[in-house]
């Protein structure tokens, strides 16, 4: 690691006893870049690849209990967030987190977006390649190259191993998607360009696995070279590609490499259709006799006691590892077949569930107006109330219901089965919270699908959603 850039002394505390903000990054929280929210200070922990161990889980549960709201949220990038922080998190606690592998060892780059991969990397029976080493290699590269902290905090990288549980449809600046060509595994390079919200575009460049890190380093270097580090608003990679042109950008990348980037003129084999919610429930691993269990976390939220309980299960029955998913749920892995019933029973005792047809398994909500000033509605409270209303409803397969408090759709960028967009209207000089209701429709140009209803107040909403589910048999 480069000397002089690894910081062990962490943010100081000020009068009111909250973690201080590092200048210039207040809108992009990290472990060392805490951010004010409507419900208190928000601290976000990058968990590269979503992989976390039992000791780390217990430490986070303790912090959430002592300093926050007594719960932790899993985000759609498999980060962990502690909310409602109102008491000091001192440098001793933050140093301890670093010592157990939480938070980047270099605080300069801790705010950069989490590195994404499938939560089943290395255990997926159908994956082409285990992407965990690539995630770790890029995380190490970030830590030893603090100049990259000058890039947009939203700079995001994803590795998809081509398994059943895929993440190649997630919005990222750079995607390496594994493909099979003449019996050999390559990564196909995709870059974020075009309109905002579009998934990364295929460059048709095929990379042998060993070339991925040098190419990624060159991609980041060209990006940094075109970034104005004196401008508080950092240039997004998509904006650079749109102005510079993808061909020109890749030409500059090529100049930094000792090998030639090769393009494939053939279209990639159509990706397997991902069976929905393969990250929930019991599934066999590629390791003989072992299984993983995907646990439903209602709206991605887990109480401190539940987090400790799952950490204990991972240690008792598995290998002490838990995996966070970008669908805001959690996997227990390496469970012997003969122990599956015991684990399921203990999950139930924690008041959690592992059924994909649980209404909460596909329920997604942003922070809502309790945690975000941009939100028109209290999405999380409304989502939980809807789940309680619908809990007796028998589902034949999972339903993705997405509550978003505004058009930005932070919690879920892809189209859902049902989207509820928060809006406000005035009645007798009183602001009323309501929702526009959309049904997922890939043929509709609107980002949320086909609009069915407008300005539905929350008291009216549960019965209407039940009617929609029954009518359309989603």
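Straightening the chain between residue 288 and residue 195 buys 29.1 nm, computed as 0.36 nm per residue apart minus the Cα-Cα spacing.
Extension gain, residue 55 to residue 312, is 91.6 nm, computed as 0.36 nm per intervening residue step minus the present C-alpha separation.
What fraction of the Cα pairs in the chain, stated in percent, has a spacing above 40 angstrom? Pairs farther apart than 40 Å: 19 percent.
I'd like the FRET efficiency for residue 230 and residue 137, computed as 1/(1 + (r/R0)^6) with the beta carbon distance as r and R0 of 41 Å, rounded to 0.05. Spell out each step's value before the answer.
Values: r = 31 Å, r/R0 = 0.75.
In this case the efficiency is close to 0.85.
Sorting the segments 214-223, 113-122 by their residues' average number of neighbouring beta-carbon atoms within 10 angstrom, most packed first, yields 113-122, 214-223.
Beta bridges per DSSP, both residues in the chain: antiparallel share near 80 percent. From least to most packed, judged by other beta carbons within 10 angstrom and beginning with the fewest, 105, 366 follow the order 105, 366.
Taking packing as the residue-averaged number of other Cβ atoms within 10 angstrom, the listed peptides 224-231, 368-375 run from highest to lowest as 368-375, 224-231. Of the peptides 165-174, 125-134, the order by per-residue mean of other Cβ atoms within 10 Å, starting with the highest, comes out as 165-174, 125-134. Dividing the helix sum by the residues of the chain, where each DSSP H run of 4 or more adds -39500 (n - 2.57), gives a mean residue ellipticity at 222 nm of -7500 deg cm²/dmol. Here the label points at residue 373 and residue 426, each 7 Å from Cα along the C-beta direction, are separated by 2.1 nm in the simple model. Placing a pseudo-label 7 Å from each Cα along the Cα-to-Cβ vector at residue 90 and residue 391 gives an inter-label distance of 4.1 nm. Label sites at residue 342 and residue 263, each approximated as a point 7 angstrom past Cα along Cα to Cβ, lie 5.7 nm apart.
Bear in mind that the values in this text are calculations on the coordinates, not laboratory data. This structure is a prediction, so every number in the text was calculated from the model and none was measured. Ideal geometry is used to build each Cβ from the backbone, glycine not excepted, and the neighbour counts take in all protein chains shown.
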